[in-house]
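The values are calculated or read from the model by the stated rules, or taken from the named source; none is laboratory data. Predicted, not measured: the structure shown is a model, and the values here were computed from it. Because the Cβ atoms are built from the backbone with ideal geometry, glycine has one as well, and the counts that use them run over all protein chains shown.
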Amino acid sequence: MSSLTMGNRFGRNTTVQSENNRPNSLTSGHRACQGCGEALAARCSLDAAYIETKGNIAVVNATGCLEVFSCAYPENSWNIPWVHSLFGNAAAVASGVAAAFKSQKKDIRVIAQGGDGGTTDIGMACLSGMFERNDDVLYICYDNEAYMNTGVQRSSATLTFARTATTLPNGQYMGNDIRTGKNVPEIAMAHGIPYVASASIGDIHDLEKKVKKAIHIKGAKYIQIHSPCPLGWGYPTENTIQLAKLAIKCGLYPLFEAENGVVVNSTAIDNIISVESYLKGQKRFAHLFGKNAQVNSWKVIQELANNHIRKYKLGEVVYE
Amino acid sequence: MLQQLEGSQALAKAIALCRPQVVCAYPITPQTHIVEGIGELVRNGTLKNCEFLNVESEMAAISVAIGSEAAGVRSYTATSSQGLLYMMEAVYNASGLELPIVMTLGNRTIGSPINIWNDHSDAMSVRDAGWLMLFAENNQEAVDLHIQAFKIAESIKCPVMVCVDGFVLTHAYEQVNIPEQNEVDEFLPKYNPHISMDKKHSYAIGAMVSPNDFMEVRYLAHKRQLDALDVISNVREEFLSKFNRNSGGLIRGYNIDGADTVIVAMGSVLGTIKDAVDNLNASGNEKFGVLSIISYRPFPQNEIKKALNQAKRVIVVEKAFALGKGGILSQEIELVLKGLNIDVISIIAGIGGRIITKQMLMECFENPKDKFQFLGLNRATIEKEYQSPCISKVGKE
Ligand SMILES: Cc1ncc(C[n+]2csc(CCOP(=O)(O)OP(=O)(O)O)c2C)c(N)n1
Ligand SMILES: [Mg+2]
């Protein structure tokens, strides 16, 4: 057999996480919950950016779980230059860091990061301003689909019918029935910025590839990373990666890249699954399947997935 | 060099002489001409190595400055009134993070009702936010205070707000002496930041601090403000010997020795007050003096006490007040003079840009009828409003 058969090719396609020079930008000892998707997403992203730039990165963090669990005085888990200012201004602070580097002619790449609340809600104005000026910043949103740090309240990234502390299902009320959420990658694309991508900790190779590509691009970049949250979603901590994978496979979290406002590629799904198998593993959707559930209400969510499958050309719609 | 300039243009030139490397601009009257002026100086190459950012809100303006200072670069922005309130959360954040940003506050009142004219309501709304706050009496001092502000801010790692009365100063054409670049360079050397964000000096700043340590952090911030009293005085001395101009410092007395009544105020109204006092001193028996407060934060209690303790009466002319309480500056002066048996009278003046004339002030200084009063309050308007069905008058005034 040739040495290029499948079994012998593993070594060529490793992630930064599996290398022994892994930089641990976010190192151990922090206070994230067991199974935290956001901690994993942050470490994967920043390690990839770190390797790619030989450590020449500077990070601005919005308020949220990530900031709270990583840097509570006198402990600090960041092995990189890191600044936290406020909840809604991370994009603008990052614009300032980038402007400072530009004026000093330093080639240090700037990353801003925050949760979905800090990005798609309160940080939207600063984010849009940063995009519009095409400031040289990579903004990463760790999307766990709610305000987790304050106890799981709904954000504009919360999935339809999800139970949160501010959308508790009650009788006829199915939980978060306020339309379909804000599609921030598309809003980013509408600014015509050079690079936009969605990613997921369910596909770390893809995630790293996107971060490594984005970090070199001059101008504004946006990556939104699906980051399941065991506490907020209600699932056993060991299922984080599994759920992220299911969200990709059912089409609810389409993985794509866009350049200058146009989608240039998306990750086709091998065997599309029904959203039911994704939703059923999470307590936040239990009311859709319990004995008081309205018949087939979860099919509304299937329709969202089907729309993604068609729009981003992920494959053929199987579950109508 | 002496030049005939609009206040804002003079400030733009002065700030450019300080060589900021990041300047963020967002329009709000009456501050706008300053950042417009700086933008022009960047584009025409006068101010080099400076990134000029047109941002989308005041929240972004101050946040950009927070980012650029965190990365170790001299940074400047300006605002007024509603803009200051819009950035409020980050105003506290900037001082908490110990970032020596310099910001001009083109003083303007706060709505509603919306009003673009001058008073000090905006400044008073951030008096406890941890910024040093310096008030300029005229455009020459406004120019000089900005040059001093960068030096003060950077030496104690604390942001400085230079308060410049909207329109009265920002839009007034006066002769101003703009220093030469080499003089300013000698006075204000290249910024040597205490933090930066490259991997050699990597820091994590902005940690969460628990009840175990938070009070100590705040204590140290307070202590730093008190230390600034010396720094501000020293920088004034240094400025005086370099530029031969007596600008800045903590307070400034005018005819204080032997004065029966001392008028206390901040900002541009001091010019009118000094005129009024000159007239009164030329004609009457009572002797009047004036005390300018330049450094409002830190509040120079000891210096103020020393300046006022011989007076029989102190009249505070203040351009802002606390609704439901009364004067703000006068309360602080009263506390300083506690136990000294000196009458403190509060005159609320110039609210929302209401005119303050020498005549009005002279009448009031000679015969201040009440301990607390509004200068030039139009009773007829108020009585008319009380007739309206929308407003109810409960109790007596
Ligand atoms: C101006 C302001 N409003 C509200 C808060 C309270 N707050 C802190 S973190 C947070 C939730 C963060 O949610 P998200 O951005 O989604 O991040 P996550 O914690 O889910 O990672 C909220 C509401 C705040 N710190 N500042
Ligand atoms: Mg969240």
The residue that is nearest to A:G129 (Cα to Cα), considering only those in region A:218-234 that are surrounded by fewer than 24 Cβ atoms within 10 Å (Cβ to Cβ) and away from ligand 1 (no atom under 13 Å from the Cβ), is A:G219
Within region A:282-304, of all residues that are in a helix (DSSP H, G or I) and free of Cβ contacts under 8 Å to residues at least 24 places away in the same chain, the one farthest from A:V317 (Cα to Cα) is A:K299
For helices (runs of 4 or more DSSP H) lying entirely in region B:37-118, having 3 or more residues that are at the interface with another protein chain (Cβ under 10 Å from one of its Cβ atoms) picks out B:58-70, B:88-96
From the list A:Y147, A:Y139, exactly one residue is away from ligand 2 (no atom under 13 Å from the Cβ) and closer than 28 Å to A:A49 by Cβ. Which is it?
A:Y139
Subset of region A:181-234 (residues that are among the small types (G, A, S) and part of a strand (DSSP E or B))
A:A197, A:S198, A:A199, A:S200
Being within 16 Å of ligand 2 (Cβ to nearest atom) and out of contact with any helix residue (DSSP H, G or I) (no Cβ under 7 Å at 6 or more places or on another chain) narrows A:A165, A:A112 down to just A:A165
If you take the residues in region B:199-249 that are touching a Pro at 6+ places or on another chain (Cβ under 7 Å) and away from chain A (no Cβ under 14 Å), which one is surrounded by the fewest Cβ atoms within 10 Å (Cβ to Cβ)?
B:L226
Candidates B:S80, B:S75 - the one that is closer than 19 Å to B:M197 by Cβ, among the small types (G, A, S) and crowded, with 24+ Cβ neighbours inside 10 Å
B:S75
Of all residues being over 28 Å from A:I51 (Cβ atoms) and charged (D, E, K, R) in region A:102-132, which is nearest to ligand 1 (Cβ to nearest atom)? Just the residue, please.
A:D121
Cβ-Cβ distance below 7 Å, separation of 6 or more or different chains: which pairs start in region A:140-169 with a residue that is within 14 Å of another protein chain (Cβ to nearest Cβ) and end on one that is near ligand 2 (Cβ under 9 Å from one of its atoms) and part of a loop (DSSP other than H, G, I, E, B)?
A:N149/A:G64
For region A:74-90, enumerate the residues that are away from ligand 1 (no atom under 12 Å from the Cβ), farther than 20 Å from A:K54 by Cβ and either without any contact (Cβ under 8 Å) to a residue 40 or more places away in the chain or touching a Ser or Thr at 6+ places or on another chain (Cβ under 8 Å) (or both).
A:P74, A:N76, A:S77, A:V83
Mind checking whether some residue in region B:259-268 is touching a residue at least 60 places away in the same chain (Cβ under 8 Å) and more than 22 Å from B:Q310 (Cα to Cα)?
yes
If you go through region A:14-64, how many residues are within 15 Å of ligand 2 (Cβ to nearest atom) and of a type in the set (D, E)?
1
Going by what's in this entry, would A:S85 be described as over 18 Å from B:F52 (Cβ atoms), at the interface with chain B (Cβ under 7 Å from one of its Cβ atoms), modelled with pLDDT of 95 or more and surrounded by 24 or more Cβ atoms within 10 Å (Cβ to Cβ)?
yes
May I ask you to verify whether A:C65 is touching a Leu at 6+ places or on another chain (Cβ under 6 Å) and within 13 Å of ligand 1 (Cβ to nearest atom)?
no
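This table checks each residue for (1) over 26 Å from A:M124 (Cβ atoms); (2) of a type outside the set (S, T, Y).
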position	(1), (2)
B:G7	yes, yes
B:Q31	no, yes
B:I34	yes, yes
B:L47	yes, yes
B:I62	no, yes
B:E69	no, yes
B:S75	no, no
B:G83	no, yes
Out of (1) crowded, with 24+ Cβ neighbours inside 10 Å; (2) within 16 Å of ligand 1 (Cβ to nearest atom), the one A:G151 does not meet is (1)
Could you grab me the full set of residues in region A:101-115 that are facing another protein chain (nearest Cβ under 7 Å) and either surrounded by fewer than 24 Cβ atoms within 10 Å (Cβ to Cβ) or touching a strand residue (DSSP E or B) at 6+ places or on another chain (Cβ under 6 Å) (or both)?
A:K102, A:S103, A:Q104, A:K106, A:I108
Scan region A:27-40 and report the pairs whose first residue is in contact (Cβ under 8 Å) with a residue 24 or more places away in the chain and surrounded by 14 or more Cβ atoms within 10 Å (Cβ to Cβ) and whose second residue is in a loop (DSSP other than H, G, I, E, B) and aliphatic (A, V, I, L, M), with Cβ atoms within less than 6 Å and a gap of 6+ or a chain change.
A:G37/A:I201; A:A39/A:A32; A:L40/A:I201
Pairs, please: C-beta under 9 Å, at least 6 apart or cross-chain, first residue of a type in the set (F, W, Y) and in region A:111-129, second within 12 Å of ligand 1 (Cβ to nearest atom)?
none
Among the residues of region A:248-260, how many are touching a His at 6+ places or on another chain (Cβ under 6 Å) and over 15 Å from A:K311 (Cβ atoms)?
0
Name the single residue that is surrounded by the most Cβ atoms within 10 Å (Cβ to Cβ) among those in region B:1-42 being among the charged types (D, E, K, R) and closer than 22 Å to B:K190 by Cα.
B:K13
Scanning region A:91-109 residue by residue, the ones that are touching a helix residue (DSSP H, G or I) at 6+ places or on another chain (Cβ under 7 Å) and free of Cβ contacts under 8 Å to residues at least 60 places away in the same chain total 10
Region B:264-305: number of residues that are polar (S, T, N, Q) and either assigned to a strand (DSSP E or B) or at pLDDT below 95 (or both):
4
Residue check, A:I241 part of a helix (DSSP H, G or I), closer than 29 Å to A:G290 by Cα and in contact with a helix residue (DSSP H, G or I) (Cβ under 9 Å, 6 or more places away or on another chain):
yes
When you scan region A:259-266, do you find a residue that is away from ligand 1 (no atom under 16 Å from the Cβ) and touching a Gly at 6+ places or on another chain (Cβ under 8 Å), even just one?
yes
Listed residues B:E51, B:E6; which is out of contact with any Asp or Glu (no Cβ under 7 Å at 6 or more places or on another chain), of a type in the set (D, E, K, R), within 28 Å of A:F131 (Cα to Cα) and in contact (Cβ under 8 Å) with a residue 12 or more places away in the chain?
B:E51
Could you grab the pairs with beta carbons closer than 6 Å, sequence gap of 6+ or different chains, first residue in region B:272-301 and outside the structural domain of B:K223 (by TED's automatic domain parsing) and hydroxyl-bearing (S, T, Y), second one modelled with pLDDT of 95 or more and in a helix (DSSP H, G or I)?
B:T272/B:K358; B:S292/B:L270; B:S295/B:I232
